[in-house]
Structure formats: structure tokens, C-alpha cells
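Enquirer: This is the structure I have questions about; it appears just below.
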Amino acid sequence: MKYGEKIVSEFDIEKDLEIWPNEHKKNYLIKVILPEFCSLCPRSGYPDFATIYLEYTPDAYVVELKAIKLYINSFMNRSISHENAANEIYDVIYDKIKPKYLKLTADFNPRGNVHTVIEIDSSKL
């Protein structure tokens, strides 16, 4: 197994999703775009591709960028629905850093004439 495959396959959300203290007290928006999300359809096994848009206003913590990349890559060989993937990513980020505001948009590539976009916004919950 190559080192990248090993890191992704052994990713542990509890120890590897690194968070850092937010050194700034003002409100500011962090936008992270992850254009290479991939998971497997739980019904067919076909790959599903998406761009994940993550926006948040941090409170006490921020997510380290390499850690979020590895977390997103850990979905590559998982069978998971669009809805479950989007909700899991949102919940993990929210639970880890407890931001003042969080919005996740999962824009899945069309497959079989269906284009799915899932949006979860803390200001609307």
C-alpha cells in the first residue's frame, strides 16, 4: 500500500481531524472548497463525485486544512448515500469545532440524469 492510501485508509476522526485554536476574536468567514469528493453508491457501487463547499465562522477553533482534506478523502471507498455523506461531514465539523456559523453544500456530479445538491446551514436549523 502506498503512503497516501495508508493514511486515508487509517484515518481516525477522533485523533486525525486536527483542530487549532482560533487566534482571532472578530467574526470572519472561512470558505473551503473540496472539489474531489468521492464515495460509492450504496446501491450500485458506482462512484459518486461531488464538490464540497464548507463555510464557517469560527468560535474557539478552526479545522486544520490537511486534516479536512484527509477526512474528505477517507470517503473514497465507503458506500454511503449523498444525504448521509453530507450530514456526516456537517455533524463531524460542527461537533469538533462548534463554530458560530456553519454551512455545508455538497454538489454531486450528475449521474443517470439526476443532479443532487444538499445544503445544511446552521442559521436555518
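The values are calculated or read from the model by the stated rules, or taken from the named source; none is laboratory data. In this text, all values refer to a predicted model and were calculated from it rather than measured experimentally. In this analysis, Cβ positions are derived from the backbone assuming ideal geometry, glycine residues included, and neighbour counts consider all displayed protein chains.
Enquirer: How many residues, within region 8-27, are surrounded by fewer than 11 Cβ atoms within 10 Å (Cβ to Cβ) and more than 17 Å from SER74 (Cβ to Cβ)? Give the steps one after another, and end with the answer.
Expert: Looking only at region 8-27, we keep the residues that are surrounded by fewer than 11 Cβ atoms within 10 Å (Cβ to Cβ), and these are 12, 14-15, 21, 23-27.
Of the ones still in play, those that are also more than 17 Å from SER74 (Cβ to Cβ) are 21, 23-27.
Number of matching residues: 6.
Enquirer: Suppose we filter region 86-99 for residues that are surrounded by 16 or more Cβ atoms within 10 Å (Cβ to Cβ) and either in contact with a helix residue (DSSP H, G or I) (Cβ under 9 Å, 6 or more places away or on another chain) or within 21 Å of PRO21 (Cα to Cα) (or both); how many remain?
Expert: So the answer is 7.
Enquirer: Collect the residues in region 51-79 that are more than 26 Å from LYS26 (Cα to Cα) and surrounded by fewer than 16 Cβ atoms within 10 Å (Cβ to Cβ), keeping them in residue-number order.
Expert: Let us first name the residues in region 51-79 that are more than 26 Å from LYS26 (Cα to Cα), namely 51, 70-79.
Across region 51-79, the qualifying residues are THR51, MET76, ASN77, ARG78, SER79.
Enquirer: Out of the residues in region 30-48 that are hydrophobic (A, V, I, L, M, F, W, C) and in contact with a Pro (Cβ under 9 Å, 6 or more places away or on another chain), state the one that is farthest from ASN77 (Cα to Cα).
Expert: Checked region 30-48; the qualifying residue farthest from ASN77 (Cα to Cα) is ILE30.
Enquirer: Let me ask you something else. Going by the structure shown, is GLU5 surrounded by fewer than 15 Cβ atoms within 10 Å (Cβ to Cβ), out of contact with any helix residue (DSSP H, G or I) (no Cβ under 9 Å at 6 or more places or on another chain) and modelled with pLDDT under 95?
Expert: Working: surrounded by fewer than 15 Cβ atoms within 10 Å (Cβ to Cβ): yes; out of contact with any helix residue (DSSP H, G or I) (no Cβ under 9 Å at 6 or more places or on another chain): yes; modelled with pLDDT under 95: yes.
It is true that GLU5 is surrounded by fewer than 15 Cβ atoms within 10 Å (Cβ to Cβ), out of contact with any helix residue (DSSP H, G or I) (no Cβ under 9 Å at 6 or more places or on another chain) and modelled with pLDDT under 95.
Enquirer: Taking the options THR51, THR116, name whichever one is over 20 Å from GLY4 (Cβ atoms) and either touching a Phe, Trp or Tyr at 6+ places or on another chain (Cβ under 6 Å) or aromatic (Phe, Trp, Tyr) (or both).
Expert: THR116
Enquirer: Please give the number of the condition ILE52 fails out of (1) under 24 Å from ILE19 (Cα atoms); (2) touching a residue at least 60 places away in the same chain (Cβ under 8 Å).
Expert: Failed condition: (2).
Enquirer: I need every pair where a residue in region 1-26 that is among the aromatic types (Phe, Trp, Tyr) has its Cβ under 7 Å from the Cβ of a residue that is part of a loop (DSSP other than H, G, I, E, B) and surrounded by 12 or more Cβ atoms within 10 Å (Cβ to Cβ), sequence separation at least 6 or different chains.
Expert: Qualifying pairs under 7 Å: PHE11/SER74; TRP20/GLU64.
Enquirer: Continuing with the same structure: Which members of region 47-75 meet the condition of being basic (Lys, Arg) and over 14 Å from ILE33 (Cβ atoms)?
Expert: Filtering region 47-75 for residues basic (Lys, Arg) gives 66, 69.
Within region 47-75, LYS66 is the sole residue that qualifies.
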